[in-house]
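The values are calculated or read from the model by the stated rules, or taken from the named source; none is laboratory data. Not measured: the values here are computed from a predicted model. Note that we place each Cβ from the backbone using ideal geometry, even for glycine, and neighbour counts take in every protein chain shown.
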Amino acid sequence: MSKGIHARTPTVNAIDSRGLSVRHIDYYRCKAEERAQARITSSHHDTAARCSQQWDAGQTNTSMPPGLTSIKSFSGQVLRLHSADAGWRLSFPGEAGQLLEQWDSLGGHWKTAFDHQLRPVSITQASPQQPARVIERLSYGDNSPACAALNQCGELIRHDDDAGTLLIEEYTFGSQPVRQTRHFLCSETPVDWPLEQAQRNLLHEAGPGYQTHWRYDADGAVIRQTDAGHHQHCFAFDVAGQLKSVSLKLNASLEEITLAKAFVYNAAGQLESQTSGNGVISNATFDPANGRLRSLTATASGTTLQDLHYQYDAVGNVMQIEDKAQSARFGNNQKVEAISRFTYDSLSRLTRASGREAASHLAPLQLATSPAIPIDASQLFNYTRHYDYDSRGNLIKLQHVREGHQYTRTLSIAGDSNRMLSWNQGDNRPDAAATFDANGNLQNLQPGKSLQWNPRNQLSSVVLVQREDGRNDHERYHYDSSGQRVRKIHTTYTSSVTHNREVRYLPGIEINSSTGQRLETINIQTGRGTVRCLHWREGQPAGIETDQLRYNLEDHLGSSTLELDNQALLISQEEYFPFGGTAWSASRSAVQARYRTLRYCGKERDASGLYYYGARYYAPWLQRWISPDPAGAIDGLNLYVMVGNNPLRYTDRHGNQKEESSLRQELATYPSILSEVNKRVGTLNYQLYNSTRKRDIIKRLFQRYAYNAGRHILALGAGLLALPTGPGGAVIATVATSLSIDAAAGKAEATRHLTVALYPQTRRLDPEEIKHEGQTAFYNVTAKLQYAKDVTLNPRSETGQKNLSVMATGFLLTKVLEVKGAWIPNFEASTQATKALDGLPGQKIERMNNALARLDDFLEQDSHAINAAFDALGVDEFYPEGLKGRLGQATDRAADAVGVDSSNLISRTSLQRDIAVSRATIQRGRELLFRHNERNKSQGRFFV
């Protein structure tokens, strides 16, 4: 990291009088001797303080058309969104906020019908190329005994979409699917779903469909999945909910094959070690100061297969990767080492990369061949790449240099958007309308390779070879209602024969079929890496063993670098250029290489050379996406840029959001931490406010008496009703009822004060305890319970001794002396009321004031850390990882609320606003403490 490049390049945020960010300034410098250039992003907010217009750094002043414009309703819903990259979209919501109709710049029109519970039941689509047709129908379970037996009441049980029909035939109590069946359409013609279910069934392929089963543990984690090929994927977890083993049981086999075991995690939950079924031991080391990956090693029988070592600059950019498992090679008057080095500008964009490549890499678009293992040393060369970007972040020049071969690629970008117009040096500058459609989708990969898109901006087909007679080789894609690809059909023509190869994507398995062949590829994630099993039903080729297991070793990005068989012998090996192109590869044989599909970032590369990420497609030779980000401007106003032009640090798992997982997880948990702060400080403020007058204290005391008595009666009644099940059932029913009553009372505004102690407790303001409580609120219930056990019931700690003594006293009074259960909490309430009537001692006031001041300092530090984290991520908002994030994103898309203030995004603005609210609550508590102190002084007691 060059200090000269980063000297005097701060990030500046200009805030208006309402506390809204109106200008964001970054300072760009690529070389230390250059003068830093200001890159300014501007925003305009409406009278309701909502962002309505944004200009990026390429739009030098606000007199130019904005890069993003939004018009919102009074409730904050987006009515019209116009992006320079993605065109415009108009939305018409209903009274309850449900999305009724949508239009886009290509002339697409969607209408959604809802039932009386505001659940969508059908979606109708029309476009200039197609008449109106029903593209989706949704059915829900009723309250019949049949639905109740399968937990289907109110749940989605049938979904007809463009790919076919999904039947969810059973749910768990937690609304997780237990059994589902996918039926595919018998024709590729766009379907218009009729109303009658019997008529819809006639559109399916013949047969029972493809069924998947799941089994879950008590925490909702999948412990067994039976895929459509009747193969069982088995997972085991430890008491902390962490994966500890993975196995596979093939169809009609009695043997369960262990794929991974002996998982070891560090205190931060990072996977440090695992042992694969082929005997390979994988180890990872992390920097204890910041959690960054230091090394990845893989060994088998004393042989080191992979030994990657990482070096970073001060902000976390990867500066060097060295594979110490591979020795230096000599050839062509060069020493070729397995070391890649990287350089960045002041905006953390990659500007220079060096490494090694194969001699066969001659053209930007050429798909690399796989020579035999071991690769000839004379076929490897050192290379260097230089990258130049415009002010908007578009790659405009790539210079590739190696001895005996170099080329320069220049890209032209439209002046009013980030759409790329050409990529070959010397090409005539084409019309933007001919290169992209109105929604920003690329129309051609190169001459003769055209792209077709459906009205939902999903790639529907790619022409691979164009012929004059129109019999073009092509690949076609079909998607389900969630936008995920479920079918791929590859068609090639010869003079007399048409060849079709098809892949069907189902949970945990891909079914490949072609003339005379049927292959089931079973995919299982095994911690750090993926195992793929090739199970042939028909037409197994020579040179591949039956039920071949392929173990993938990955780098820090999840890219497949080595494929190993069941004896840990090498099947294939590959290295990549920084943005995903193949630098060199080798394989055991051409047949073996043919069945390798997962490559860069663990994604599938199609015959076109495009990588499929889930939400869209990526062209590694262009180093950009071929369509705008469907999630909107989450990663900035440039909707085509790949991970902020920093592909060594960031990944994009689904094609809609760059991420650096550790920072994102910390930021995603912070709202729950703030919620815990507000809850505890709010409780303190309530206690302080209602502890100044005797009548308020007495009133609260008698309310607690009545509440405790009522709770005891209800809990005792529940225990008596459960007594026929045995003493254990009665105890469980009693405790569960008591806890449920407390939880319900704590949530209701009218009864919340009944569960609040009458006398304030300073220990509840400890920042570390609040942080832990907030972090584990949603993400790690097991750890939360363990923490409670370790801290609150530990006989070695003061808190544990106190709690254990209270429990022992309670047992003595209720079980031995048969004192009524409600007397204990009433006695505790009386003790607290007595203390409150005596007033708060000066020492207590001082301790609480110091605790609040310390908590306020923590929040101030967090505010600065949050800004630094968002700056490091290079985004201002994102969706959290995991199920919560996926549900939030799906909800926002359904309501057309992506990017709206009320969306489920984790944003810099919302976190800073919530911190300000929490600090104001703390300040209110300190003011109340001051009033108590002044009251003591006026009465001549408890002077501080």
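Below are the figures for this structure:
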| read-out | value |
| --- | --- |
| Residue check for residue 902: modelled with pLDDT under 80 and of a type in the set (Ser, Thr, Tyr) | yes |
| Any hit, region 146-158, residues being at pLDDT below 95, out of contact with any helix residue (DSSP H, G or I) (no Cβ under 9 Å at 6 or more places or on another chain), of a type in the set (Gly, Ala, Ser) and loosely packed, with under 15 Cβ neighbours inside 10 Å | no |
| Selection status of residue 614, touching a His at 6+ places or on another chain (Cβ under 8 Å) and either closer than 30 Å to residue 545 by Cα or touching a residue at least 60 places away in the same chain (Cβ under 8 Å) (or both) | yes |
| Scope region 149-180; condition within 27 Å of residue 455 (Cα to Cα), assigned to a loop (DSSP other than H, G, I, E, B) and among the charged types (D, E, K, R); matching residues | 162 |
| Condition met for residue 644 (touching a strand residue (DSSP E or B) at 6+ places or on another chain (Cβ under 9 Å) and either of a type in the set (A, V, I, L, M, F, W, C) or not in a strand (DSSP E or B) (or both)) | no |
| Residue check, residue 141 small (Gly, Ala, Ser), surrounded by 18 or more Cβ atoms within 10 Å (Cβ to Cβ), at pLDDT 95 or above and touching a Ser or Thr at 6+ places or on another chain (Cβ under 7 Å) | no |
| Some residue of region 325-335 being at pLDDT 95 or above and part of a strand (DSSP E or B) | no |
| Lone qualifier among 683, 669 - being touching a Phe, Trp or Tyr at 6+ places or on another chain (Cβ under 7 Å), within 30 Å of residue 852 (Cβ to Cβ) and at pLDDT 70 or above | 669 |
| Residue check for residue 183: in a strand (DSSP E or B), at pLDDT 95 or above and more than 28 Å from residue 490 (Cβ to Cβ) | no |
| Evaluation of residue 306 against (1) at pLDDT 95 or above; (2) over 22 Å from residue 381 (Cα atoms) (one fails), failing number | (2) |
| Pairs where the first residue, in region 2-19, is under 22 Å from residue 875 (Cα atoms) and the second is in a loop (DSSP other than H, G, I, E, B) and among the acidic types (Asp, Glu), C-beta under 7 Å, 6+ apart | 5/345 |
| Filter result (among the hydrophobic types (A, V, I, L, M, F, W, C), farther than 18 Å from residue 343 by Cβ and either in contact (Cβ under 8 Å) with a residue 24 or more places away in the chain or out of contact with any strand residue (DSSP E or B) (no Cβ under 7 Å at 6 or more places or on another chain) (or both)) within region 20-45 | 20 |
| Test: residue in region 505-514 that is among the aromatic types (Phe, Trp, Tyr), modelled with pLDDT of 95 or more, more than 18 Å from residue 190 (Cα to Cα) and buried (at least 16 other Cβ atoms within 10 Å of the Cβ) | yes |
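For every residue, the table says whether it meets (1) out of contact with any Ser or Thr (no Cβ under 7 Å at 6 or more places or on another chain); (2) farther than 21 Å from residue 560 by Cβ; (3) of a type outside the set (Phe, Trp, Tyr).
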{"site": "260", "(1), (2), (3)": "no, no, yes"}
{"site": "269", "(1), (2), (3)": "yes, yes, yes"}
{"site": "277", "(1), (2), (3)": "no, no, yes"}
{"site": "285", "(1), (2), (3)": "no, yes, yes"}
{"site": "290", "(1), (2), (3)": "yes, yes, yes"}
{"site": "295", "(1), (2), (3)": "no, no, yes"}
{"site": "299", "(1), (2), (3)": "yes, no, yes"}
{"site": "302", "(1), (2), (3)": "yes, yes, yes"}
{"site": "306", "(1), (2), (3)": "no, no, yes"}
